[in-house]
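Trainee: One structure follows; several queries about it will come next.
The values are calculated or read from the model by the stated rules, or taken from the named source; none is laboratory data. Quick caveat: nothing in here was measured; it's all calculated off a predicted structure. Cβ atoms come from the backbone with ideal geometry, glycine included; neighbour counts cover every protein chain shown.
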Amino acid sequence: MNINDLLSVTFNSLRSNSLRSLLSSLGVFMGVFAVNGTLQVSDIGRIYLKTQLQKMESPQIYIHSPNNLVTYQQRKYQNQDLEWLKNRLSGWKYIAPVENAGNDAIFLGSQKINVESQAVTPEYLSISGRKLIAGRFFTNNDLRQNRSVVVIDQLLSQKVFKGKNPLGKMIYFQNKSYYIQGVIQTKKTFSWGEEQGLILIPLSVYQSLKSSPFFERITITPKDSENIEQLQNTAVSLLNKRFPGTEIYAFSNIEEVKSMEKMLNSVTIILLLIGIISLFVGGVGITNITLASVVERTSEIGLRRAIGATQKDILIQFLLEASFISMTGGIIAIATVQGITIVTVTLLNLPYQFMYQTPLVSLGSAIIVGMISSFLPALRASKLDPVDALRSQ
């Protein structure tokens, strides 16, 4: 028999047993629905995490000042501590001091806007991964001369100047006047907090105002972000040797993203197991249906063999029937999941990108399960003796 004849016989058989075929498809539907839904949730979760990472600064390690274990007093860093760490730590790309200048308000005329402020060095731009939008960033000369200049981010620029050029404008912050010499890209300093605007001050200027040579945090950018945890542990271990009897707290700005990624992977595995079990149950249903079909159609098989159908033709016909049942249930399940996904991401305003691999994997798994489940019953049908099959009528 040629392929057209086999397809015609297959469709006629499925149509004549439409209820049985529908029930078999329903089992496959549930399994593919679970698998495809899990993969869609995983895709959306990964895209969401990717967008969060894009909004954040480059991967960094923040090492806070040591706390004395007896007095609980903080001992801030000095430049010699930073140089000591640079000479002993490997695997870093940038290391720089940072002093938190606090959350305060800037004044421009009658405007008063709360901002986040940091006192930094010229390395900050490279460490943070932010782009310079306008003007220029701090130079070593700015720090040596203690120039009263600041750099603000786009968010603060928009809040204060409403799209006008902020360069050269003077603002009042923490009882001192500064000139704006640059605008940088807005990114999240830490994982999920809403940004309110950022103002950067040269570290030397801030230290002069406070009459203090100290700074409270060391920021490190790793050469390889995959090794960020190892680099963090090594840096803390080294600093513990320099500051015995203290506790040093360190964290990275991607810790929360990584923990969410681990949780997403765990949930995905659990849901996939549920989906695989559902597919297995659907496969068992196909096996039972195929076995019943072989018993019911024994005489038909004998008649077809008597008029020239080969064992291969019988085997292929039953495999095709199982494949079409699986494909039908799979396609309906994928279409249902896709519709639910589009509605959900629209209502919740979630990032989404259609990935053709997801439905292909789901549909492919359904077809494979259907063919494997029906293979033994189909093989049994193909090996029926034509004479014995006809006698069973």
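Trainee: Tell me which strands (runs of 3 or more DSSP E) are completely within the stretch 88-153 and hold 1 or more residues being surrounded by fewer than 17 Cβ atoms within 10 Å (Cβ to Cβ), or say none if there are none. Explain how you work it out, then say what you get.
Mentor: Details: elements: 92-108, 111-120, 132-135, 149-153.
So the answer is 92-108, 111-120, 132-135.
Trainee: Go through the stretch 349-363 and report how many residues are exposed (fewer than 14 other Cβ atoms within 10 Å of the Cβ) and part of a helix (DSSP H, G or I).
Mentor: 2
Trainee: Still on this structure, I have one more. Of all residues being buried (at least 17 other Cβ atoms within 10 Å of the Cβ) and more than 35 Å from the chain's Cα centre (by Cα) in the stretch 76-87, which is nearest to LEU198 (Cα to Cα)? Just the residue, please.
Mentor: First pass over the stretch 76-87, keeping only residues buried (at least 17 other Cβ atoms within 10 Å of the Cβ): 77, 81, 85.
Subsequent filtering for residues that are more than 35 Å from the chain's Cα centre (by Cα) retains 77, 81.
Details: TYR77: 23, ASP81: 27 Å.
Here the answer is TYR77.
Trainee: Could you tell me whether any residue of the stretch 48-60 is more than 24 Å from ILE220 (Cα to Cα), part of a helix (DSSP H, G or I) and not aliphatic (A, V, I, L, M)?
Mentor: Going through the stretch 48-60, the residues more than 24 Å from ILE220 (Cα to Cα) turn out to be 48.
Within this subset, residues satisfying the condition of being part of a helix (DSSP H, G or I) are 48.
Applying the additional criterion that residues be not aliphatic (A, V, I, L, M) yields 48.
Scanning the stretch 48-60, I find at least one residue that is more than 24 Å from ILE220 (Cα to Cα), part of a helix (DSSP H, G or I) and not aliphatic (A, V, I, L, M), so the answer is yes.
Trainee: Further question on the same structure: Can you report the number of residues in the stretch 88-134 which are of a type in the set (Ser, Thr, Tyr), modelled with pLDDT of 90 or more and more than 19 Å from PHE214 (Cα to Cα)? Break it down stepwise before answering.
Mentor: First, the residues of the stretch 88-134 that are of a type in the set (Ser, Thr, Tyr): 90, 94, 110, 117, 121, 124, 126, 128.
Add one more test, that the residue is modelled with pLDDT of 90 or more, and what stays is 90, 94, 117, 121, 124.
Pick out the ones that are also more than 19 Å from PHE214 (Cα to Cα) and you get 90, 94.
Looking only at that region, the number is 2.
Trainee: Which of (1) within 39 Å of the chain's Cα centre (by Cα); (2) at pLDDT below 90; (3) of a type outside the set (A, V, I, L, M, F, W, C) is the odd one out, the single condition PRO202 does not satisfy?
Mentor: Checking PRO202 against (1) within 39 Å of the chain's Cα centre (by Cα); (2) at pLDDT below 90; (3) of a type outside the set (A, V, I, L, M, F, W, C), the one that fails is (2).
Trainee: Only one of (1) polar (S, T, N, Q); (2) crowded, with 17+ Cβ neighbours inside 10 Å; (3) over 30 Å from GLU300 (Cβ atoms) fails for SER373. Which number is that?
Mentor: (3)
Trainee: Residue check: is ALA381 in a helix (DSSP H, G or I) and either modelled with pLDDT of 80 or more or β-branched (Val, Ile, Thr) (or both)?
Mentor: On the way: in a helix (DSSP H, G or I): yes; either modelled with pLDDT of 80 or more or β-branched (Val, Ile, Thr) (or both): no.
It is false that ALA381 is in a helix (DSSP H, G or I) and either modelled with pLDDT of 80 or more or β-branched (Val, Ile, Thr) (or both).
Trainee: Pull out all pairs, ordered by first then second residue, where Cβ-Cβ is under 7 Å, the residues are six or more apart or on different chains, the first lies in the stretch 358-382 and is assigned by TED's automatic domain parsing to the domain that holds LEU39, and the second is in a helix (DSSP H, G or I) and among the aromatic types (Phe, Trp, Tyr).
Mentor: Sorted first by the residue in the stretch 358-382, then by its partner, the pairs are SER374/PHE318; PRO377/PHE318; ALA378/PHE318; ALA381/PHE318.
Trainee: Across the stretch 300-315, what is the number of residues that are surrounded by fewer than 14 Cβ atoms within 10 Å (Cβ to Cβ) and either assigned to a helix (DSSP H, G or I) or aliphatic (A, V, I, L, M) (or both)?
Mentor: First, pick out the residues of the stretch 300-315 that are surrounded by fewer than 14 Cβ atoms within 10 Å (Cβ to Cβ): 306-308, 310-312.
Within this subset, residues satisfying the condition of being either assigned to a helix (DSSP H, G or I) or aliphatic (A, V, I, L, M) (or both) are 306-307, 311-312.
Residues flagged as surrounded by fewer than 14 Cβ atoms within 10 Å (Cβ to Cβ) and either assigned to a helix (DSSP H, G or I) or aliphatic (A, V, I, L, M) (or both) within the stretch 300-315 amount to 4.
Trainee: Among the numbered criteria (1) outside the structural domain of SER237 (by TED's automatic domain parsing); (2) among the aliphatic types (A, V, I, L, M); (3) at pLDDT 90 or above, which single criterion is violated by LEU85?
Mentor: The number of the failed condition is (1).
Trainee: Exactly one of these conditions fails for ILE254: (1) without any contact (Cβ under 8 Å) to a residue 24 or more places away in the chain; (2) among the aliphatic types (A, V, I, L, M); (3) touching a Ser or Thr at 6+ places or on another chain (Cβ under 8 Å). Give me its number.
Mentor: Here ILE254 clears every test but (1).
Rundown of residues vs (1) modelled with pLDDT under 80; (2) over 23 Å from ILE274 (Cβ atoms); (3) in a helix (DSSP H, G or I), yes/no style:
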{"site": "GLN317", "(1), (2), (3)": "yes, yes, yes"}
{"site": "SER323", "(1), (2), (3)": "no, yes, yes"}
{"site": "MET327", "(1), (2), (3)": "no, no, yes"}
{"site": "ALA335", "(1), (2), (3)": "no, no, yes"}
{"site": "LEU347", "(1), (2), (3)": "no, yes, yes"}
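Trainee: Whether any residue in the stretch 209-227 is in a helix (DSSP H, G or I) and crowded, with 20+ Cβ neighbours inside 10 Å is what I want to check.
Mentor: From the stretch 209-227, those in a helix (DSSP H, G or I) are 209-210, 225-227; that's our starting set.
Then keep just the ones that are crowded, with 20+ Cβ neighbours inside 10 Å; that gives none.
Looking for residues that are in a helix (DSSP H, G or I) and crowded, with 20+ Cβ neighbours inside 10 Å, one finds none in the stretch 209-227, hence no.
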